Amino acid sequence: MTVPVEASSSCAYECDSEFRVVSVDPAWSEFAVANGAPELVSPGPLGRSLWSYIADPTTAHVFAQLFDKVMATGRSASVPIRCDSPTMRRYLNLTIDRRTGGGVRMTSTVVRLEPRPSVALLEPDRPRDAGMLKMCSWCKRAQLEGEWVEVEELTTALRLFERDTLPQITHGMCDECHAAIAAMIDDDR
């Protein structure tokens with residue numbers, strides 16, 4: 001089942017030329033509160049480096065390349081991305097624009113929402129153990145024995161629903177997303 005999306009389902013934030021977060025719009029704050037992340041409400045991220053939110057070197061490198069392209073050409077870049085919750089798959093379009101005075105403005109617009117039964121692995125307050133699972137920063141699939149699969153498949157295969165504690169989630173980038181975004185970066189360079 002797909003949920004209809006309202007035209008106003010977007011939020012934005014801006015970074016200066018040093019990639020410090022300098023503003024978030026009201027929709028950003030509303031989304032953060034509604035999704036259990038009040039620490040991201042102003043002044044939360046303001047003044048912090050965008051890079052402090054991206055732990056995976058591959059993901060950081062791809063974002064840096066996207067930013068470089070936008071800054072060099074002045075043309076927007078738009079990439080598909082997901083921002084899932086335990087009960088919802090959120091398909092977004094992330095648009096990166098050059099900001100007057102340097103830096104970038106990023107706007108996430110909801111393209112499609114898909115409700116799903118709650119996935120405990122994605123619940124932020126669940127107790128975690130020392131185990132680690134890798135999730136693609138872009139498509140939210142998780143790595144299982146060298147394959148990238150939806151989180152529900154991973155949960156079933158690893159029998160995570162039977163455990164009192166869950167592994168921690170680390171992020172990376174699957175080969176499919178890396179190839180697609182690299183091709184977009186190289187296009188018209």
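Throughout, read-outs are computed from the coordinates displayed, never taken from laboratory work. Just so you know, these numbers come straight off a predicted model, no measurement behind them. Here Cβ is always computed from backbone atoms with ideal geometry, including for glycine, and neighbour counts include all displayed protein chains.
Given the criteria touching a strand residue (DSSP E or B) at 6+ places or on another chain (Cβ under 8 Å), farther than 30 Å from residue 72 by Cβ and assigned to a helix (DSSP H, G or I), does residue 121 qualify?
Taking the combined requirement at face value, the residue satisfies it.
Within the range 147-179, can you find the residues that are in contact (Cβ under 8 Å) with a residue 24 or more places away in the chain and either part of a strand (DSSP E or B) or among the small types (Gly, Ala, Ser) (or both)?
148, 166, 167, 168, 169, 170, 171, 172
Please give the number of the condition residue 144 fails out of (1) without any contact (Cβ under 8 Å) to a residue 24 or more places away in the chain; (2) in contact with a Ser or Thr (Cβ under 8 Å, 6 or more places away or on another chain); (3) hydrophobic (A, V, I, L, M, F, W, C).
Result: residue 144 passes all but (2).
Would you confirm, using the coordinates I've provided, whether residue 107 is among the β-branched types (Val, Ile, Thr), surrounded by 15 or more Cβ atoms within 10 Å (Cβ to Cβ) and under 18 Å from the mean Cα position of the chain (by Cα)? Talk me through it step by step, then tell me what you get.
Numbers: among the β-branched types (Val, Ile, Thr): yes; surrounded by 15 or more Cβ atoms within 10 Å (Cβ to Cβ): yes; under 18 Å from the mean Cα position of the chain (by Cα): yes.
Considered against the rule, which asks whether it is among the β-branched types (Val, Ile, Thr), surrounded by 15 or more Cβ atoms within 10 Å (Cβ to Cβ) and under 18 Å from the mean Cα position of the chain (by Cα), residue 107 comes out as yes.
If you go through the range 112-127 one residue at a time, do you hit one that is out of contact with any helix residue (DSSP H, G or I) (no Cβ under 9 Å at 6 or more places or on another chain) and farther than 30 Å from residue 164 by Cβ?
Taking the range 112-127 as the starting set, the residues that turn out to be out of contact with any helix residue (DSSP H, G or I) (no Cβ under 9 Å at 6 or more places or on another chain) are 112-115, 118, 123-125, 127.
With the extra rule that they be farther than 30 Å from residue 164 by Cβ, the set shrinks to 112-113.
Yes, that holds for at least one residue.
Considering only the range 28-49, how many residues are assigned to a loop (DSSP other than H, G, I, E, B) and more than 21 Å from residue 87 (Cα to Cα)?
Pass one, the range 28-49, residues assigned to a loop (DSSP other than H, G, I, E, B): 35-37, 41-48.
With more than 21 Å from residue 87 (Cα to Cα) added as a condition, the list becomes 41-48.
Result for the range 28-49: 8.
Give the number of residues within the range 37-59 that are without any contact (Cβ under 8 Å) to a residue 40 or more places away in the chain, surrounded by 15 or more Cβ atoms within 10 Å (Cβ to Cβ) and either farther than 17 Å from residue 16 by Cα or under 16 Å from the mean Cα position of the chain (by Cα) (or both).
4
Counting only residues that are surrounded by 14 or more Cβ atoms within 10 Å (Cβ to Cβ) and part of a strand (DSSP E or B), which one in the range 129-146 is nearest to the chain's Cα centre (by Cα)?
Kept after step one, since they are surrounded by 14 or more Cβ atoms within 10 Å (Cβ to Cβ), are these residues of the range 129-146: 133-144.
Applying the additional criterion that residues be part of a strand (DSSP E or B) yields 133-136, 142-144.
On the way: 133: 16, 134: 14, 135: 11, 136: 9, 142: 14, 143: 16, 144: 20 Å.
Going through the qualifying residues, I end up with 136.
Given the residues 101, 172, which is the only one that is in contact with a helix residue (DSSP H, G or I) (Cβ under 8 Å, 6 or more places away or on another chain), within 30 Å of residue 67 (Cβ to Cβ) and small (Gly, Ala, Ser)? Walk me through it before giving the result.
Working: 101 fails: in contact with a helix residue (DSSP H, G or I) (Cβ under 8 Å, 6 or more places away or on another chain).
Result of the check over 101, 172: 172.
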